[in-house]
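Engineer: Starting off with a structure, shown below.
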Amino acid sequence: MSTIFTKIINGDIPCEKLAEDDRFFAFLDIRPIHEGHTLVIPKREVDYFFDLDDDLLGGIMTFAKPIASALKAVVPCERVGVMVAGLEVPHAHVHLVPISDVGQLSFAHAREADPTELADLAEKIRRHL
């Protein structure tokens, strides 16, 4: 059975896509812990992040790098934090979260995002990619 992330990649579930290539996909989280919270995923379903082969493991960070730069240019923050929790969805993924304090990297801050605000933010980020 496909994960929710595979359904997003396949277009079965809508998202605010930021970037895509033949191996990876990035989109805004609909329950962000901070404005600009982005998920970066491999297109191949692998449950545990560290079960990714070396090529995908290194490649996901290389793919995420320009997205993090675009996030930092658009969302006021000190840095773009990186988190791999891996418990929410059985599909390896990296969270990119604009932060100004390490305490902001907490799912306790998650909230439902306004779809219009997400669309506007996604457009601004894509312009910086």
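Engineer: Among the residues of the range 57-65, is there at least one that is over 14 Å from F25 (Cα atoms), more than 15 Å from the chain's Cα centre (by Cα), open to solvent by less than 50 Å² (accessible area, probe 1.4 Å) and small (G, A, S)?
Structural biologist: Within the range 57-65, one or more residues are over 14 Å from F25 (Cα atoms), more than 15 Å from the chain's Cα centre (by Cα), open to solvent by less than 50 Å² (accessible area, probe 1.4 Å) and small (G, A, S).
Engineer: Another question, if that's okay. Residue check, D53 against (1) in contact (Cβ under 8 Å) with a residue 40 or more places away in the chain; (2) open to solvent by less than 90 Å² (accessible area, probe 1.4 Å); (3) not aliphatic (A, V, I, L, M), all met but one. Which one?
Structural biologist: (1)
Engineer: Here's something else I'd like to know. Checking D101 against (1) surrounded by 12 or more Cβ atoms within 10 Å (Cβ to Cβ); (2) without any contact (Cβ under 8 Å) to a residue 24 or more places away in the chain, only one condition comes out false. Which one?
Structural biologist: The number of the failed condition is (1).
Engineer: Assuming A92 fulfils every condition listed in (1) open to solvent by 30 Å² or more (accessible area, probe 1.4 Å); (2) in contact with a Phe, Trp or Tyr (Cβ under 7 Å, 6 or more places away or on another chain) apart from one, which condition is it?
Structural biologist: (1)
Engineer: Would you check which residues across the range 4-32 are open to solvent by less than 60 Å² (accessible area, probe 1.4 Å) and among the aliphatic types (A, V, I, L, M) and list them?
Structural biologist: I8, I9, I13, L18, A19, A26, L28
Engineer: Something else about it: List every residue pair whose Cβ atoms sit under 7 Å apart, with the two residues 6 or more apart in sequence or on different chains, where the first one lies in the range 23-46 and is under 17 Å from F63 (Cα atoms) and the second, anywhere, is acidic (D, E) and open to solvent by 10 Å² or more (accessible area, probe 1.4 Å).
Structural biologist: Final answer for the pair search is F27/E16; L28/E16; H37/D29; T38/D29; L39/D29.
Engineer: Now for a separate question. Against the condition over 14 Å from the mean Cα position of the chain (by Cα), buried (at least 18 other Cβ atoms within 10 Å of the Cβ), modelled with pLDDT of 95 or more and under 23 Å from G103 (Cβ atoms), how does V75 come out, does it pass?
Structural biologist: Working: over 14 Å from the mean Cα position of the chain (by Cα): yes; buried (at least 18 other Cβ atoms within 10 Å of the Cβ): yes; modelled with pLDDT of 95 or more: yes; under 23 Å from G103 (Cβ atoms): yes.
So V75 passes the test.
Engineer: Just wondering, is there one or more residues in the range 107-125 that are outside any helix (DSSP H, G or I) and of a type in the set (V, I, T)?
Structural biologist: Of all residues in the range 107-125, those outside any helix (DSSP H, G or I) come to 110-114.
Add one more test, that the residue is of a type in the set (V, I, T), and what stays is none.
No, the conditions are met nowhere in the range 107-125.
The values are calculated or read from the model by the stated rules, or taken from the named source; none is laboratory data. Remember, it's a predicted structure, so these values are computed and weren't measured experimentally. Methodologically, a virtual Cβ is constructed for each residue, glycine included, from the backbone with ideal geometry; neighbour enumeration extends over all protein chains shown. Keep in mind that these areas ignore ligands, DNA and RNA; they rest on the heavy atoms of the full protein, side chains included. Shrake-Rupley method; radii C 1.70, N 1.55, O 1.52, S 1.80 Å.
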